[in-house]
Amino acid sequence: MDFVAVDFETANYKRTSACAIGLVAVENGVIVEKRHFLIRPPENHFVFTYLHGISWNEVRHEPAFNEIWPQVCAIIGNRPITAHNAPFDTAVLRDTLGYYGITCPKISCVCTCQLSRRIWPELRSHSLDAVAGHLHLALKHHNAVSDSEVCAQIALAGCRKKGFRSIVEAAVACRLRYDYLL
């Protein structure tokens, strides 16, 4: 089972305001790489510092997204991605790539929030922290790499529980959309 869990943190309400990305690569059902990048967004307007603790002062000397994209793209490779609340993270990726004039690659994406609704329907909430609590996973919420790691663990636990061999097989079997990008 190969995929990459992705989580973005944004500075403000604009989807182009990514200020952090976490990536957790899974190969053969095992986490093999964890990466965290701070990102300098196009403008210094920060609204969500209270959530993730990232401010303009922390990222003003960090690379812009177009500068880290080659590394991010290399980590993702040809693998599908997962994200908890995938429409948000894929919109940030798509819009940020568009802002920098970078063609968005064809990437399959599975939403672990939707997957968790199918796998654990008994849960009252399927938020990242609720599912993490149900699975007894440590989470530092709104830390991009922690959120990505928990997302990966949710995908792995759900696939193990139902016997799925891949995240795309899980999406198909659970009747989930898995083509948020292109």
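Computed from the coordinates by the stated procedures, all read-outs in this text should not be read as laboratory data. All figures in this text were calculated on a predicted structure; none of them were measured in a lab. Backbone-built Cβ (ideal geometry, glycine too); neighbour counts: all protein chains shown.
Please work out the Kirkwood hydrodynamic radius for region 1-83, using every pair of different C-alpha atoms, and report it in angstroms with one decimal place. Mean inverse Cα-Cα distance, inverted, gives 13.3 Å. Note on H136/D2: beta-carbon distance plugged into 1/(1 + (r/R0)^6) with R0 of 25 Å gives a FRET efficiency of 0.50.
Mean residue ellipticity, 222 nm, helices only, the chain: the sum of -39500 (n - 2.57) across DSSP H runs of n ≥ 4, divided by residue count and rounded to 500, is -12000 deg cm²/dmol.
Above 11 Å lies some portion of the pair distances; for region 45-91, what is it as a whole percent of all C-alpha pairs? Walk me through the numbers before you get to the answer.
Details: 833 of 1081 pairs.
Pairs farther apart than 11 Å: 77 percent.
May I ask you to derive the relative contact order of region 1-97, considering only C-alpha pairs under 8 Å and at least 6 residues apart, and to give it as an integer percent?
On the way: 173 pairs, mean separation 32.5, N = 97.
Relative CO of region 1-97 lands at 33 percent.
Model label sites at S55 and A173, defined 7 Å from Cα along the beta-carbon direction, differ in position by 4.8 nm.
Pull up the DSSP beta bridges for the chain and report the antiparallel fraction as a percent, rounded to 5.
Counting only bridges with both partners in the chain, antiparallel ones make up about 75 percent.
Within the chain, the longest run free of exposed loop sites, counting chymotrypsin sites (Phe, Trp or Tyr not before Pro) that sit outside DSSP helix and strand states (H, G, I, E, B) and have at most 14 other Cβ atoms within 10 Å, spans 14-99. Backbone N atoms of region 136-175 closer than 15 Å to the 7 Å Cα→Cβ label point of K34 belong to residues 137-154. Each Cα pair under 8 Å and six or more residues apart adds its separation to the average, and for the chain the resulting relative contact order is 27 percent.
Taken over the alpha carbons of the chain as equal point scatterers, the Debye sum produces base-10 log I(q)/I(0) values at 0.10, 0.12, 0.19, 0.20 Å⁻¹ of -0.36, -0.52, -1.27, -1.38.
Within region 26-120, report the trypsin sites (Lys or Arg not before Pro) that DSSP leaves as loop and that have at most 14 other Cβ atoms within 10 Å. If you can, show how the numbers build up before the last one.
Numbers: sites: K34, R35, R60, R94, K106, R117, R118; in loops: R60, K106.
Of the trypsin sites (Lys or Arg not before Pro), the ones in loops of region 26-120 whose Cβ has at most 14 other Cβ atoms within 10 Å are R60, K106.
Taking amide H positions as modeled 1.01 Å from N, with prolines and chain starts lacking one, the residues under 5 Å from C19 and 5 or more places away or on another chain are E9, T10, A11. In the chain, a dipole from Cβ-located charges (positive for Lys and Arg, negative for Asp and Glu) runs towards its positive end, and of N66, L176, V110 it is L176 whose Cα lies farthest in that direction. Only lysines eight or more places from K140 in sequence, or on another chain, were considered; those with a Cα closer than 16 Å are K34.
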